[in-house]
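The values are calculated or read from the model by the stated rules, or taken from the named source; none is laboratory data. As the structure is a prediction and not an experimental result, all values here were calculated from the model. Please note: Cβ atoms are built from the backbone with ideal geometry, for glycine as well, and neighbour counts cover all protein chains shown. Ligands, DNA and RNA are excluded from the accessible area calculation, which covers all protein heavy atoms including side chains. Shrake-Rupley method; radii C 1.70, N 1.55, O 1.52, S 1.80 Å.
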Amino acid sequence: MLILLAAIFVLHIIGVIVLLVATIDNAWWMMPNISTDVWGRWIQTNGVWNLTDIPTGSHYPQDYLQAVQASSVLACIFSILGIFVFVAQLFTLQKGQRFTISGIFQLLACLCIMIAASIYTNQFHLDENFGWYGHCFILAWIAFALTFISSIIYFVLRKKTA
């Protein structure tokens with residue numbers, strides 16, 4: 001059981017790291033000289049990357065952008081809280097109740113990052129032909145899968161006795 005708990009802890013840490021990279025790094029949408037994330041736009045001029053504001057208008061509706069930002073940050077917060085709750089539950093709660101709260105936090109993180117990535121997919125860069133989704137966008141979907149798997153494991157593990 002100790003190896004199983006260690007594996008779950010490692011999976012959770014990997015999920016947190018992937019969520020943080022997807023939220024913080026600057027590559028949700030890429031073009032040859034432009035890299036856009038949910039916080040700003042990086043433009044390369046003369047070999048130097050410069051941070052600029054995300055343009056406003058029909059290509060970047062501010063309401064949707066703020067929803068993506070908030071959902072990404074909430075996913076990180078829920079997942080980090082989930083790891084602390086997981087450790088605390090190991091020592092405080094009885095066997096039948098141990099991992100329920102951790103599973104709920106991971107499920108909330110899963111839903112938040114899914115909402116962020118779905119809004120970004122549906123609202124941004126629909127009519128742009130010369131770009132592609134960057135590694136942070138892909139990491140957001142990987143984080144969705146990791147947090148979903150982690151939450152399911154927590155709910156299944158709740159019924160196990162150790």
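Per residue of the chain, the DSSP helices (runs of n ≥ 4 H) give a summed -39500 (n - 2.57) that works out to -22000 deg cm²/dmol at 222 nm. Over all projection directions, the Cα-based convex hull of the stretch 43-162 averages an area of 9.5 nm². Each residue of the stretch 36-45 is assigned a 3J(HN,Hα), and the resulting list reads 10, 10, 7, 10, x, 10, 9, 10, 8, 10 Hz, derived from the Karplus form 6.51 cos²θ - 1.76 cosθ + 1.60 (θ = phi - 60°), x at Gly and Pro. Annotation: PHE9 carries an accessible surface of approximately 80 Å², with a 1.4 Å probe and no ligand, DNA or RNA atoms counted. Rounded to the nearest 10 square angstrom, ARG98 shows an accessible area of 50 square angstrom against a 1.4 Å probe.
Within the accessible area of the stretch 19-146, the carbon and sulfur atoms contribute 67%, probe 1.4 Å, all protein chains present. When the chain is treated as a Gaussian network with alpha carbon springs shorter than 10 Å, the biggest mean-square fluctuation among PHE137, PHE84, PHE148 belongs to PHE84. Positive end of the dipole of the stretch 1-148 (Cβ unit charges, origin at the Cα centre): among TRP141, LEU90, ASN33, the Cα lying farthest that way belongs to LEU90.
Using a probe radius of 1.4 Å on heavy atoms only, what accessible surface per residue do you get for the stretch 53-162? Whole Å² is fine.
Working: 5870 Å² over 110 residues.
Normalised by residue count, the accessible surface of the stretch 53-162 is 53 Å².
In this label model, SER118 and ILE138 are separated by 2.3 nm, measuring between points 7 Å along each Cα→Cβ vector.
Could you give the C-alpha radius of gyration of the stretch 1-106 expressed as a fraction of 2.2 N^0.38 Å, taking N as the number of residues it contains? Let's see the in-between values first.
Values: Rg = 18.9 Å, N = 106, 2.2 N^0.38 = 12.9 Å.
Here the Cα radius of gyration is 1.46 times the empirical estimate.
Computed extension length for LEU2-LEU126: 39.9 nm, one decimal, from 0.36 nm per residue of separation with the Cα-Cα distance subtracted.
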